[in-house]
Amino acid sequence: MCGIVGYSGEKNASELLPSCLRKLDYRGYDSFGFAVQANPTIAVEKHAGRLDGFTSQLPESKLGIAHTRWATHGSVTEKNAHPHMSCDGSIAVVHNGIIENYSELREQLKQQGHKFVSETDSEVIPHLIEGLLAQGKSFEEAVRETCDSLQGTFALLILNKESNKLVAARKGSPLVIGVGKNENFVASDVTAFIEFTKDVIFLDDNELAIVDGNVEVQNFSTGKKLDKKVSKIEWDAEQAEKSGYKHFMLKEIFEQPEAAQKCLQGRIKDGKVVLPELEGRDEKLKEINRVIIVACGTSWHAGLVAEYIMEELVGLPVEVEYASEFRYRNPIVDDKCLVIVVSQSGETADTLAALREAKKKGALVISICNVMGSTIARESHSTIYNRAGPEIGVASTKAFTTQLIVLTLVSLYLADLIKSNPLEKQREILSALQEIPDKMQQTVDESNQVLAIAKKYWEKPNALYLGRGPNFPIALEGALKLKEISYLHAEGMSAAEMKHGPIALIDSDMPAIFVAVKDKTYNKILANIEEIKARGGTVIAVASPADKEMEGNVAEVMHIAKTIELLQPLLTVLPLQLLAYYIADIRECDIDKPRNLAKSVTVE
Ligand code: F6R
């Protein structure tokens, strides 16, 4: 996730901005840059890599903007780093978000003679402003019109060499103004400036702020001036990094609605899935007769859920393999086989080795990664990014749900390509998928019900997680989350398998956590629940909204929001992530850095 900071005040922006930008380190980045007002020009400095040891070569200035980039469009290079400039160097822009209509805009601007130097979506912005200024518009008018012409999401900071103000604008990406004494800040979050001021104005969507000695906020579509409230931040600097959450994991759990939104952005148009990442692959994809998904850990669980979705929608056999096993077998793979490699980090050693094995055998390899430019992304034939933003907590949460969304999009793309499903069914799934960010929000909004359960059961040394169909892998994922962050013993399995052995474990110290939502196995699950209760076990259920029958049958219920059967795993996993988190927190575990675990497993 990119981070942006702007400054206007009495201090030297060239010295101050690098230290403010370092405070946004936790957001993750691969390159950075600055622009400062250096009358009569704008001075710019950009670098690929990290800020460690960086000292600015910029001239002294009272006004500047800065950016850390988490690459989404274009590789990690100095040219792609922000700020981006207009042709004449008079406008500098830093941007966080994704501009969906950038390719149309870029073509139009090129025809008007604008020259582009980067591969980014963001670079259209300074050129659009430059074009409008050339038509005689004022700086503010030019920014307003530009904002109105952009589709997608943005948080922008803009400098104009002719003006001693900076302009900020927001649609869909966060931006907050820090109101200080004789100085003002604008940043992606308060962490960047909290040591200087705790008085803030949160910008809302479609708002623009003109920042110099004063702050003026207006709606950029109507130009109407707005009377914004100044709020006081109560957090300290460390809490601010986590936006007030106690741990990154909790922040990332609650970020899932936003991550899902970003993951879907621009990928559904006119009732169809649009994946430019697969451009030129359609002929090959039409010939495939089998899909193999390879991954490790949580990413493997995403693959297991996708097996149900893909087989139902695409009608081709789907196998899901541990990358570590796939690479050491002699897997039957040929050029009619599509191999999908799933990896949050894009660096997992076993997954990378499996990818190389699949390529060697002639398969088309598509990867689903969260880290741009990672080795797996570079070595795959095509990569589709999750766009979840950096995941800092070691336990994967938002990467998992966005992997599932991408896998669902790929399933729908293939279904459309090989006409394996009626169009109406695809449309029904697509419209439900577009509602998922809201449904996720409704589900995490019920976190208190999960906290109450955690408070009751945190001392139990064991837990069994049970589910059926696409919720069987969610049971595995729920158990993994509890194990890795609370160090409690948990096992996940198909609820149907329980009677083949594990039921012997049931006693009052082994709560059984059922994913028991309304689907085609609902009645079978109810029968499994009775079997547990008959043996003195306690049942906690993840249930459909207002399922009174379930409420009457089990000790505890965690409700999810309503969605179609195929997409329920995107919601049922949320209370299980929260349950693991709250239990680990009560047990005072080191949640973001659990013992013995690493975020990226680059060894075999
Ligand atoms: C669990 C977790 C791990 C990873 C696994 C694969 O919360 O994060 O199980 O899913 O190590 O990592 P990636 O997806 O980076 O290949």
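The values are calculated or read from the model by the stated rules, or taken from the named source; none is laboratory data. Computed from a predicted model, the values in this text were never measured in an experiment. Backbone-built Cβ (ideal geometry, glycine too); neighbour counts: all protein chains shown.
Among the residues of segment 25-49, those that are in contact with a strand residue (DSSP E or B) (Cβ under 8 Å, 6 or more places away or on another chain) and among the β-branched types (Val, Ile, Thr) comprise Val36, Ile42, Val44.
Every listed requirement among (1) more than 23 Å from Tyr26 (Cβ to Cβ); (2) touching a helix residue (DSSP H, G or I) at 6+ places or on another chain (Cβ under 6 Å) is met by Cys147 save one, (2). Before we move on, is Ala490 touching a Pro at 6+ places or on another chain (Cβ under 9 Å) and either closer than 12 Å to Ile586 by Cβ or not in a helix (DSSP H, G or I) (or both)? Answer is no for this residue. In this entry, Asn330 is excluded by the filter for residues that are assigned by TED's automatic domain parsing to the domain that holds His381, farther than 26 Å from Gly389 by Cα and either modelled with pLDDT of 95 or more or buried (at least 23 other Cβ atoms within 10 Å of the Cβ) (or both).
Out of the residues in segment 293-319 that are within 16 Å of the ligand (Cβ to nearest atom) and in a strand (DSSP E or B), which is farthest from Asp416 (Cα to Cα)? So the residue we want is Ala295. One residue stands out in segment 395-419 among those that are in a loop (DSSP other than H, G, I, E, B) and under 15 Å from the mean Cα position of the chain (by Cα): the one that is farthest from the ligand (Cβ to nearest atom), namely Thr397. Highlighted here are the strands (runs of 3 or more DSSP E) found entirely within segment 320-389 that include at least 1 residues which are over 28 Å from the mean Cα position of the chain (by Cα): 337-343.
Among the candidates Ala475, Ala479, Ala527, the residue that is in a helix (DSSP H, G or I), of a type in the set (Gly, Ala, Ser) and surrounded by fewer than 16 Cβ atoms within 10 Å (Cβ to Cβ) is uniquely Ala527. None of Lys481, Lys533, Lys520 is basic (Lys, Arg) and within 16 Å of the ligand (Cβ to nearest atom) except Lys481. A residue that is in contact with a strand residue (DSSP E or B) (Cβ under 8 Å, 6 or more places away or on another chain) and assigned to a strand (DSSP E or B) occurs nowhere in segment 564-574. Quick check, is Ile253 surrounded by 16 or more Cβ atoms within 10 Å (Cβ to Cβ) and within 26 Å of Ile65 (Cα to Cα)? So Ile253 fails the test. Of the set (1) outside any loop (DSSP other than H, G, I, E, B); (2) within 22 Å of Gly297 (Cβ to Cβ), all apply to Glu549 but (2). Checked against the criteria, Gln442 does not count as within 26 Å of Cys369 (Cβ to Cβ), modelled with pLDDT of 95 or more and surrounded by fewer than 22 Cβ atoms within 10 Å (Cβ to Cβ). Taking residues in segment 281-305 that are polar (S, T, N, Q), and partners anywhere that are within 16 Å of the ligand (Cβ to nearest atom) and in a helix (DSSP H, G or I), the pairs with Cβ atoms closer than 7 Å and at least 6 places apart or on different chains are Thr298/Phe400; Thr298/Glu477; Thr298/Leu480; Ser299/Gln403. Restricted to segment 175-199, and to residues there that are free of Cβ contacts under 8 Å to residues at least 40 places away in the same chain and surrounded by fewer than 21 Cβ atoms within 10 Å (Cβ to Cβ), the residue that is farthest from the chain's Cα centre (by Cα) is Lys181. All told, Ser14 meets the bar of being assigned to a helix (DSSP H, G or I) and modelled with pLDDT of 95 or more.
Within segment 441-455, one or more residues are farther than 23 Å from Ser299 by Cβ and basic (Lys, Arg). All of Leu338, Leu316 fail the test of being aliphatic (A, V, I, L, M), within 22 Å of Val273 (Cα to Cα) and surrounded by fewer than 19 Cβ atoms within 10 Å (Cβ to Cβ), apart from Leu316.
Kindly indicate the residue of segment 326-369 that is in contact with a His (Cβ under 9 Å, 6 or more places away or on another chain) and without any contact (Cβ under 8 Å) to a residue 40 or more places away in the chain and also nearest to the ligand (Cβ to nearest atom) among those meeting that condition. For segment 326-369, the residue satisfying everything is Ser367. Within segment 95-112, can one find any residue that is in the same structural domain as Gln151 (by TED's automatic domain parsing) and over 23 Å from Glu145 (Cβ atoms)? Within segment 95-112, not a single residue is in the same structural domain as Gln151 (by TED's automatic domain parsing) and over 23 Å from Glu145 (Cβ atoms).
For segment 97-108, the criterion of being closer than 20 Å to Glu207 by Cβ and not in a loop (DSSP other than H, G, I, E, B) is met by at least one residue.
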